[in-house]
Amino acid sequence: MEKFTYTDLMELDLGRLAAAVSDWKGMTDRLSELTGDARDGLLKKSETARWQGVNATVTRDFVRKTAKEIGDLALQSRSIHAVLADAHGELTRVQKQARELAAEARAGDPDRSGEPDMGLMVSDGGDGTVLVTESICDVEGTSRRTQDLMQYYADALTALVSHAAEIDAATVRALKACHGGDPHNAGHAVYTSLDRDQLPRAMRLAALGGQADSRQRAELSRLWESLGPEARGELWSRQRDGLLAAGLLDPSSKQVATDRGMGRHGSAGKGFDDYLTNGKIKSMADAADALGMTDASRHLRHYYRNSGDPLELPVDKMLKDDAGLRTRIGDEVAAKSPQWREDALEEFRRNGGRPVSVRVETRPEDYSFDQGENPNWFYAVGSARTNVTGVVTVVPDEQGRPKVDLDYQVNAWDRYNWDKGKGVEIGPVKIPDGEMGRQHTVGMAQEYDMAGSSSVQRHSLGGDRPDDGPVALPPDPGRNGGRTDPGRNPTD
C-alpha cells in the first residue's frame, strides 16, 4: 500500500466523505424507525398472539430473530455513521491546518524587529514527509532563523500528514470492527466516535512516560488532539504523570530564532583582536560568577566553549529571581482562566457531567529582563519568548457538581546570540559593540538555542462559582546556581 502523502492531504476531496456521512445518517434514521416498527409492531403482535403448535413456535423464533437483526443493523449503522462523521471532522480540521500552515510558510514570517523573511517553498517529499526550502538563495548563506523556520514548517506539516494517515487507518480498523466480516450477522462492535480505537493506543503510549522516544511522543500528542474531551478526561485521570513525562505540555507554538543573528559560524577569518576578545569573555564569565551572576556566567561559558549545543533554561529559577516575570505570568493565567473555565464547563455539560480534559495554550509573548533590576538574567537571556501551556480538567463531586482545575507550566525559549551593536560590561571587563558577535562568525564561540519549562503547578478554577484566589506559581526551586550548588553542571 502506498504511503499517504502531503499531496494526498492537500488535494483530498472531503466532499465525498461528507456525502457518505449524510447518506449513513439517513440510513441510520430509517433503520431506527424500522427497529421501532419491528419491536412495537411485528414482535409485539407475534408475542401476544393466541396461537399454538409447531408453526407458532417456528414463526415466533423467526420474528424474534428478524427483529433482533433489524436492531443490530440499526446499531451497526449508527456506529458507521459516528465513525465516518468523526473521521470527516478530524480530516477537515487537519487539512485546514495544513493549508494555513503552508500558506504562512510561503508568505514569510516577520522577525522580532518586524523585518519580514523571504517566503519559503513547500513541496511533497513523496514518502509522507514535507520538504521546505528557501525560495531565494541569500548570498550570505542561510541564516539560523531561516533554517529554524524551514525545520519548523517541515516538521509541523509532516506531523499533519502523519496525523491524517493515522485517522485514515483508525477509521478502517473501526469500520472493519463494526462490520465483523459476517454478511449475515450485524452489530459486532459499537462506536460513538474513533475514540474507542484511538484511546487504547494513547493509554499505551502515555504509560511509557519519559521512556517514550520522539516518534512516540509526537504520536501521543496527535492522539490527544484527536480524542474527544471525555476520552481525554479518562486518559488524563489514568495517565497524568505519564502524559506530563512524555511532554504533553510542551508548547506547540513556533520556537525559532527571533532574529537572524551574526550569520554563519566560522564564516570569517580570525585576527589578533579576536583572540584578545576570547580571553576577555572567559575573564568576564569569571567576573559574573564572582558577582553572583551565575546564570550569565554559565551562558557565557557555554558560548565560548563553541559547541552550539542547546542549553536548558531553569524556568522555575527565572520566576523566583524576577518579580516582573512572576507578575506577567500570574496576570496572564488570571486573564485567560475565565474563558478556559467556561470552555471546559461547556464540554462537561455536553458530555452529561462526566469528567473532561481540555488542553490550553497562550500566545507567545516577548519578555525582556531589566538590566538594572536583574543583571544576571539580562546578560544570560536578555529577552525571551514565554507562554503558558496546561490542561483544564472538570470532574463531578459527590453531588455531581463540577470541580475545575488547571495544571499548567511556564515555557521560555530564545537563541543566545550577540547581534551587531551589542556590547557588554560586567565588573571590570568590557567588550565593545560587535566584538561578542564576531566571536561566532570567526568560529571561536557559537550561538545556541535556549529553552525550558517550569514545574507543573495546579491552580483551582473553582466549582459552581469561579475561584478568585491568587494564581499558584512554581515554588522556590531551592537552588542558588553557584559553584557550591550540587545540581549545577559540573563543567561550569
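The values are calculated or read from the model by the stated rules, or taken from the named source; none is laboratory data. Note that the coordinates shown come from a computational prediction; the quantities given were computed from them, not determined experimentally. Glycine gets a Cβ as well: all are built from the backbone with ideal geometry, and neighbour counts include every protein chain shown. These area figures cover heavy atoms from the full protein model, side chains too; ligands, DNA and RNA do not enter into them. Shrake-Rupley method; radii C 1.70, N 1.55, O 1.52, S 1.80 Å.
Picking from residues in region 61-97 that are buried (at least 17 other Cβ atoms within 10 Å of the Cβ) and among the hydroxyl-bearing types (Ser, Thr, Tyr), the one that is modelled with the highest pLDDT is 79. Report whether or not residue 214 is closer than 25 Å to residue 349 by Cα, at pLDDT below 95 and under 22 Å from the mean Cα position of the chain (by Cα). So residue 214 does not fit the description; no. Answer yes or no as to whether residue 384 is over 29 Å from residue 235 (Cβ atoms) and in contact (Cβ under 8 Å) with a residue 24 or more places away in the chain. Against the criterion (over 29 Å from residue 235 (Cβ atoms) and in contact (Cβ under 8 Å) with a residue 24 or more places away in the chain), residue 384 qualifies. Residues in region 388-409 that are of a type in the set (A, V, I, L, M) and touching a Gly at 6+ places or on another chain (Cβ under 9 Å): 4 in all. So is residue 403 in contact with a strand residue (DSSP E or B) (Cβ under 9 Å, 6 or more places away or on another chain) and under 21 Å from residue 289 (Cα atoms) or not? For residue 403, the condition - in contact with a strand residue (DSSP E or B) (Cβ under 9 Å, 6 or more places away or on another chain) and under 21 Å from residue 289 (Cα atoms) - is not met. Among 435, 425, which is among the charged types (D, E, K, R) and without any contact (Cβ under 8 Å) to a residue 40 or more places away in the chain? Residue meeting the stated conditions: 425. So in region 270-298, with the set limited to residues that are without any contact (Cβ under 8 Å) to a residue 24 or more places away in the chain and hydrophobic (A, V, I, L, M, F, W, C), which one is farthest from residue 313 (Cα to Cα)? Filtering first and then ranking leaves 272. Just so you know, in region 251-276 the residues that are at pLDDT 85 or above, in contact with a helix residue (DSSP H, G or I) (Cβ under 8 Å, 6 or more places away or on another chain) and of a type in the set (D, E, K, R) include one that is surrounded by the fewest Cβ atoms within 10 Å (Cβ to Cβ), and it is 273. Against the numbered list (1) at pLDDT 95 or above; (2) in a strand (DSSP E or B), residue 449 comes up short only at (1). Considering only residues that are open to solvent by 80 Å² or more (accessible area, probe 1.4 Å) and of a type outside the set (Phe, Trp, Tyr), look in region 9-33 and name the one that is nearest to residue 82 (Cα to Cα). Checked region 9-33; the qualifying residue nearest to residue 82 (Cα to Cα) is 25. The set of residues from region 205-250 being open to solvent by 30 Å² or more (accessible area, probe 1.4 Å) and either touching a Pro at 6+ places or on another chain (Cβ under 8 Å) or of a type in the set (Gly, Ala, Ser) (or both) comprises 207, 210, 214, 218, 221, 230, 234, 237, 245.
Do we find a residue being over 30 Å from the mean Cα position of the chain (by Cα), farther than 28 Å from residue 473 by Cβ and not hydrophobic (A, V, I, L, M, F, W, C) anywhere in region 400-412? Yes; the residues of region 400-412 include at least one that is over 30 Å from the mean Cα position of the chain (by Cα), farther than 28 Å from residue 473 by Cβ and not hydrophobic (A, V, I, L, M, F, W, C). Restrict the check to region 284-300 and report whether at least one residue is in contact with a helix residue (DSSP H, G or I) (Cβ under 6 Å, 6 or more places away or on another chain), at pLDDT 95 or above, farther than 29 Å from residue 155 by Cβ and hydroxyl-bearing (Ser, Thr, Tyr). Yes; the residues of region 284-300 include at least one that is in contact with a helix residue (DSSP H, G or I) (Cβ under 6 Å, 6 or more places away or on another chain), at pLDDT 95 or above, farther than 29 Å from residue 155 by Cβ and hydroxyl-bearing (Ser, Thr, Tyr). Has region 239-252 got any residue that is in contact with a Phe, Trp or Tyr (Cβ under 9 Å, 6 or more places away or on another chain) and assigned to a helix (DSSP H, G or I)? Scanning region 239-252, I find at least one residue that is in contact with a Phe, Trp or Tyr (Cβ under 9 Å, 6 or more places away or on another chain) and assigned to a helix (DSSP H, G or I), so the answer is yes. When the strands (runs of 3 or more DSSP E) confined to region 324-410 are screened for residues that are surrounded by fewer than 16 Cβ atoms within 10 Å (Cβ to Cβ), those reaching at least 2 such residues are found at 365-368, 383-396. Among the residues examined, residue 50 does not qualify as in a helix (DSSP H, G or I) and either basic (Lys, Arg) or at pLDDT below 75 (or both).
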